[in-house]
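The values are calculated or read from the model by the stated rules, or taken from the named source; none is laboratory data. The shown structure was predicted, so the numbers you read here are calculated from the model rather than taken from an experiment. Cβ placement follows ideal geometry from the backbone for every residue including glycine, while neighbour counts extend to all protein chains displayed. Heads up: the accessible areas ignore ligands, DNA and RNA and are worked out on the full protein's heavy atoms, side chains in. Shrake-Rupley method; radii C 1.70, N 1.55, O 1.52, S 1.80 Å.
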Amino acid sequence: MKAKPIVSIVVPTLNEALYLERTLISLKLQEVDYNYEIIISDGCSEDNTIEIARKYADKIVIEPKRTIAAGRNKGASVAEGRVLVFCTADTYYPRKWLKLITSPIIKDGYGVVVGPLYPLDGNLIENVFSRLFLLPYGYIASLLKFYYVGGENIAIHKGVFKKLSGFNPDMVTSEDTDLVKRASKITKVKFEPRAGVYVSLRRVHK
């Protein structure tokens with residue numbers, strides 16, 4: 001019998017067939033020494049997102065309310081792990097990322113860990129900007145408790161998540177920063193610069 005997962009990865013989706021498989025493959029290839037599960041929380045996709053998800057996910061749930069916050073909350077509601085990790089469907093996750101983003105919670109008593117975001121398909125200017133400006137800004141902001149957060153790269157202890165009642169499902173944007181700001185009032189938050197992920201800039205380019 002498969003051991004209970006220590007970590008639950010939640011990926012909200014809505015018509016992500018063009019990008020999801022790459023993301024899920026990267027999540028399946030994480031180099032960790034514990035069991036983890038992948039949960040897809042879908043907003044009633046009209047493409048073949050669900051068919052792709054079935055190939056890789058451990059659980060699939062449906063959330064008709066099409067906000068990403070509601071989707072994340074629905075996924076978290078079926079999570080078995082004591083650490084929740086929130087991702088997005090168009091992001092690439094390096095193999096050591098999961099260990100880096102969860103170790104401070106599992107071993108060091110942090111309640112929340114966030115990591116930097118890098119362009120997956122950016123141009124030269126976007127790549128240089130993210131490395132030279134966004135990375136140091138994220139670190140300095142965390143020291144000042146002004147968190148620069150992306151929902152593509154958040155880990156949180158399930159107990160903290162429940163105390164906060166999760167993400168605000170009525171927020172259409174900035175729900176990730178809102179969660180971490182609220183969490184910082186009741187637990188330790190860490191910015192882990194080594195736990196970077198690569199995010200598609202398709203929405204920015206549009």
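Over 28 Å apart at the Cα level, from the set Lys28/Lys158; Lys28/Lys181; Lys55/Lys107; Lys2/Lys65; Lys55/Lys163; Lys99/Lys188, are Lys28/Lys181; Lys55/Lys107; Lys2/Lys65; Lys55/Lys163.
Annotation: extensible slack from Tyr34 through Ile62 equals 7.4 nm (criterion: 0.36 nm per residue apart, minus Cα-Cα distance).
Estimated translational diffusion coefficient (Stokes-Einstein, Kirkwood radius over Cα pairs, 25 °C, 0.890 mPa s) of the range 1-123: 166 µm² per second.
The charge dipole of the range 1-109, taken about the Cα centre with unit charges on the Cβ atoms of Lys, Arg (+1) and Asp, Glu (-1), comes to about 340 debye, rounded to the nearest 20. Length gained on full extension, Lys181 to Lys107: 24.4 nm, using 0.36 nm per residue less the C-alpha separation.
Once both labels are positioned 7 Å from their Cα atoms along Cα-to-Cβ, the gap between Lys96 and Val172 label points is 4.1 nm. Just tell me which aspartates and glutamates come within less than 16 Å, Cα to Cα, of Lys4; anything on the same chain fewer than 8 places away is out. Reachable aspartates and glutamates: Asp33, Glu37, Asp58, Glu80.
Computed on protein heavy atoms with a 1.4 Å probe, the accessible areas place Asp42, Asp33, Asp108 in the order Asp33, Asp108, Asp42, largest first. Hey, with R₀ at 22 Å, roughly what FRET efficiency would Lys163 and Lys4 work out to, going by the Cβ-Cβ distance, to 0.05? The value I calculate is 0.50. Based on the reciprocal of the average 1/r between different C-alpha atoms, the Kirkwood radius for the range 25-72 equals 11.9 Å.
Exposure check, 1.4 Å probe, all protein chains in place: Lys55 carries approximately 130 Å² of accessible surface. Here each label is just a point 7 Å from Cα along the line to Cβ, and for Lys188 and Lys55 those points are 4.1 nm apart.
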